[in-house]
Structure formats: C-alpha cells, structure tokens
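Trainee: There's a structure below that I have some questions on.
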Amino acid sequence: MAKRLKQHAIWGRGSFILAATGSAVGLGNIWKFPYITGENGGAAFVLLYLVCVALVGIPIMMAEIMIGRKGRANPVTAMSNISSDIGSTRLWSIIGWMGVLAGFFILSYYSVIAGWTLDYLVAAIEGKFGGLNGESSNELFNTLLADQSRLVQWHTAFISMTALVLMFGVTKGLENAIRFMMPTLFILLLILLGYAFTTGEIMTSARFMFSFNIEDLSWNSALLALGHAFFTLSIGMGAIMAYGAYMPSTASIGKTVITVAVLDVLVGLLTGVAIFAFVFATPGIEPSSGPGLMFVTLPVAFGSMPMGTFLGIAFFGMVVLAAWSSTMSLLEPGVAYLHERFGFHRISASLLVAGAAWLLGLGSVLSFNQWSEQELLWGMNFYSCLDFFTTNLLLPSGGLLTAIFVGWIMKRELSAHEMQQDHPRLLAVWRWVLRYVSPIAVLAIIINLFFPIATRLVAD
Ligand code: TRP
C-alpha cells in the first residue's frame with residue numbers, strides 16, 4: 001500500500017491562480033520572449049508559439065495539475081502513489097524525479113540572471129541610467145558580467161530571497177508572498193503600458209513585433225516555440241504539479257489553466273510591446289535583438305525619457321517580482337519532497353536545495369566571464385548547455401511522459417473524476433489532444449532537433 005501523507009495545506013481559490021501565474025510569468029516572458037520573437041519572424045513565430053501553447057501547453061498543464069491535486073503530495077510521491085493505486089509500475093515516479101532535478105538545474109542559472117535584474121533595480125534607484133548612450137550602457141552591462149564577485153553576490157541574494165519565502169511554508173510563506181507580489185506586478189505593468197501609450201510609438205512597436213516574416217521561420221524556430229511554450233508555462237517539470245497539490249478540490253482545472261495561460265501570453269505580448277515602444281521613442285538607438293535588449297537598450301531609453309528614473313524602477317521592480325515568483329516554484333518541488341518524504345523541516349529543506357542550486361549556479365556565473373569561451377558541448381558553454389538541455393530536452397520529455405501517463409495509462413474515469421467541475425465535452429477534447437496531438441508534436445520536434453545533431457556527430 002502506498003504511503004499516505006497527512007493532508008497538507010490547501011490554498012484559497014484565487015491563490016492558486018495567482019501562484020501558477022506567478023510561476024509562469026517570469027524572465028521567460030519579459031527577457032526571452034521579446035527577443036526570440038524579433039529573431040524568428042515576428043508574428044509568424046508568435047502564431048507558432050500560440051499553437052504550441054494551445055495544443056501542447058494547456059493540455060499538459062491540466063494533466064500536471066490533475067496529478068498534483070489527486071496525489072496531494074510532491075511530484076515524486078504523487079506520481080508514485082497514483083501509479084501504484086492504478087496497478088501500474090512505480091517507475092512512473094521518474095516523472096517526479098526528472099521534475100525535481102530539472103527544477104534544481106533551472107533554478108541554478110535562473111537565479112544568476114535574476115540577480116542581474118536586482119543589480120539593475122538598484123542602478124535604477126541610484127539614477128545610474130541618466131544620460132546613458134548605447135556605448136556606455138553596453139559598458140555598464142559588460143562590467144557587471146565581468147565582475148564575478150558582484151555576480152555571486154546578487155545570485156546569493158536572489159536565491160536567499162527565494163529560500164526565505166519557502167521556509168515559512170505553503171500558506172504563511174508561498175501563499176502570503178504571492179498575494180502581495182502578483183497584484184503589485186500587474187499594477188507596475190499597467191503603469192508601464194500606460195506610459196508606453198504616451199510615447200506615441202505603440203503602433204510602431206506592435207508593427208515591429210507582429211510583422212509577419214515567414215522566411216525567418218525554420219525547424220529551429222518550431223523547437224524554440226515549443227521549448228518556450230514549456231518554459232513560459234512552467235510545465236514539464238512538476239512545478240505546477242507541486243502547486244496542484246495545494247489547489248482546492250472545488251476549483252475547475254480547465255478554467256484555471258486557461259486563465260493562467262491567457263495571462264501568461266498576455267504579459268509576454270504586452271511587455272514586449274511596451275519595451276519596443278520605449279526603444280522606438282528614443283532617438284539614436286536600434287531595437288537590438290538578442291539578450292542585450294533588456295539590459296542594454298532599455299536602460300538607454302529610460303535614461304533619456306522624462307520620468308525615466310521612475311519608469312526604470314517600475315520596470316526592474318516588475319522583473320524582480322516576476323522572476324522571484326518563478327524561482328519559488330522551481331524550488332518548491334525539491335523542498336516539498338525532502339519535507340514530505342524524509343521529514344526534513346521546511347527550513348532545512350529550503351536551505352539544502354537552495355544551497356546546492358547556489359553551488360551549481362557558480363558555474364553559470366563563470367560562464368559569463370572566465371568560462372564564456374569554454375566549450376562544453378556543440379559550441380555551448382556551461383550555462384548555455386544547462387539552458388539548452390533543460391528547456392529543449394528535459395521539459396519536453398517530462399511533458400511527453402506526463403501526457404502518455406495521463407492519456408494512456410490512467411483510466412479515463414479516474415481523471416474525469418478529478419476533473420468533474422469541467423464540462424464533459426471539454427474533457428473529451430482535452431483527453432483526445434493529450435493522447436494524440438501533444439505527444440506527437442513533442443516527439444516530432446525532439447527528433448527533429450536531435451536527429452541533425454546525431455548525424456552531425458556521425459559525420460564528424
Ligand atoms: N515560467 C518561468 C518563466 O517564464 C520560468 C519557470 C518557473 C519555469 N518555473 C518553471 C520553467 C518550471 C520551467 C519549469 O520565466
């Protein structure tokens with residue numbers, strides 16, 4: 001008989017939506033999305049990404065929440081209990097394991113980059129953006145990247161902030177934090193958007209983001225769109241599964257997931273539009289594509305705009321909140337696992353997992369200076385490797401296994417029972433997509449990615 005845990009905390013109805021949205025909205029939306037859209041054909045890429053969200057992201061997210069809520073435990077225990085309850089092999093708990101591991105890997109580098117946003121928030125408060133031009137802004141960013149001790153300091157600060165919230169537990173820590181952070185984040189976004197309107201460049205910006213350049217699309221863009229759909233929705237690694245364990249039984253999973261996905265996509269699109277509006281309103285700078293957009297181009301815009309200091313603080317404050325609510329969900333599966341499975345106190349569990357991720361993160365810190373040219377695999381350094389394998393391999397395969405487990409191994413009645421608040425027709429569509437469409441799409445894309453790499457290796 002599977003080991004049962006004592007029932008743990010359940011959140012209020014709105015808290016789950018806020019927490020899942022907090023997990024979803026992060027650096028992925030604000031930092032990555034605008035520049036990969038720019039590089040991969042604008043609207044053509046957005047369309048591809050929306051298809052991935054609808055056909056793969058939403059169904060898998062529903063499956064994850066269903067498992068978490070049914071299991072009422074951390075991803076490893078939930079998967080192990082459910083699989084043994086339905087008479088299947090407990091090996092399925094590998095889904096939970098991969099999740100805990102992927103979360104840990106992602107947290108290690110995510111916290112380093114989130115650390116830069118803290119540094120920029122402080123710079124904004126100190127008024128350091130005033131009078132920046134392209135060159136001096138570039139220099140500001142490169143000085144930060146070259147300064148190992150400053151990078152370590154911010155990485156330490158960020159991971160500590162994350163661990164601190166989790167130490168207080170599921171209700172006092174996570175739920176309370178999220179109820180304050182998310183409304184603040186939305187208010188900041190509204191302020192920024194409102195201001196972006198007054199620059200008069202909203203239309204130029206929208207045209208730039210949504211111009212349809214089909215010729216820039218490639219197989220690689222399809223992989224990017226899928227990987228990004230997983231990354232931005234926080235699925236494929238049990239983060240949402242872990243949160244699902246705290247979702248009230250009376251809430252509808254389908255409606256919740258659609259709300260979260262819509263909010264997540266909207267935040268990505270709206271921040272993109274606001275960012276490019278600021279950039280277009282600043283004479284003399286180009287909408288640089290690439291990772292420098294947020295840390296190099298945008299500060300120049302803030303530095304030359306009326307109320308720029310205030311806007312810079314609002315913007316980087318928003319990014320810090322978005323990243324923080326995301327790292328919380330990356331840490332939670334590991335912490336819940338140690339707490340529930342081995343009886344660790346949440347304080348020691350948080351310190352242990354965060355400490356280990358901190359250590360691994362030092363490799364990413366070095367990847368931006370000393371090791372930046374150090375090729376680990378296929379031309380990628382330590383950080384790029386971690387990012388590439390977690391986003392493009394671990395998350396999609398975690399999602400694929402989840403889709404197979406829920407679509408093919410679990411009986412329909414069982415999942416239908418957990419989802420009785422949802423309309424039967426919606427459930428039928430969901431199950432069909434989860435059985436046939438999501439796994440095939442994920443497989444096709446993974447094979448297309450790794451097949452060329454494999455042939456290249458053979459050719460070498
Ligand atoms: N979704 C977050 C972002 O867009 C990152 C994130 C948080 C994440 N938790 C996750 C990604 C779990 C994958 C899996 O920035």
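None of the figures in this text is laboratory data; all of them are computed from the coordinates on show. Everything quoted here is computed from the prediction, not taken from an experiment. We place every Cβ from the backbone using ideal geometry, glycine too, and count neighbours over all the protein chains shown.
Trainee: Compute the distance from the alpha-carbon center of segment 380-395 to that of segment 172-191, in whole Å.
Mentor: Going from one Cα centre to the other spans 30 Å.
Trainee: For segment 49-71 and segment 16-31, write down the distance between their C-alpha centroids in whole Å.
Mentor: Between the Cα centres of segment 49-71 and segment 16-31 lies a distance of 15 Å.
Trainee: What do you get for trypsin sites (Lys or Arg not before Pro) in segment 1-82 restricted to DSSP loop and a cutoff of at most 10 other Cβ within 10 Å of the site's Cβ? If you can, show how the numbers build up before the last one.
Mentor: Working: sites: Lys3, Arg4, Lys6, Arg13, Lys32, Arg69, Lys70, Arg72; in loops: Lys3, Arg4, Lys6, Arg72.
Sparse-neighbourhood loop trypsin sites (Lys or Arg not before Pro): Arg4, Lys6.
Trainee: For Ile447, project a label point 7 Å along Cα to C-beta. Then give me every residue of segment 374-414 with its amide nitrogen under 16 Å of that point.
Mentor: Residues 397, 400-401 fall inside that zone.
Trainee: Rank by packing, highest mean first: peptides 189-198, 431-440, with packing defined as the count of other Cβ atoms within 10 Å averaged across residues. Write down the numbers at each step before the final one.
Mentor: Values: 189-198: 16.3, 431-440: 18.4.
With the highest mean Cβ count within 10 Å placed first, the list reads 431-440, 189-198.
Trainee: Between Trp378 and Leu270, what FRET efficiency comes out of the Förster formula 1/(1 + (r/R0)^6) with R0 = 41 Å and r the beta carbon distance, rounded to 0.05? It would help to have the intermediate numbers written out before the result.
Mentor: On the way: r = 35 Å, r/R0 = 0.85.
Efficiency, rounded to the nearest 0.05: 0.75.
Trainee: What number of lysine-lysine pairs in the chain show an alpha-carbon separation below 20 angstrom, given a sequence spacing of 8 or more or placement on distinct chains? Intermediate values should be presented prior to the final figure.
Mentor: Numbers: Lys3/Lys70; Lys6/Lys70; Lys6/Lys172; Lys70/Lys255; Lys70/Lys411.
Here the count comes out as 5.
Trainee: So between Ser211 and Lys172, what do we pick up on full extension, going 0.36 nm a residue minus the alpha carbon distance? Write down the numbers at each step before the final one.
Mentor: Values: separation 39, 0.36 × 39 = 14.04 nm, distance 4.55 nm.
Going from the current span to full extension adds 9.5 nm.
Trainee: Along segment 401-410, what does the Karplus equation 6.51 cos²θ - 1.76 cosθ + 1.60 (θ = phi - 60°) give for ³J(HN,Hα), rounded to whole Hz, x for Gly and Pro?
Mentor: 5, 4, 4, 5, 4, 6, x, 10, 8, 6
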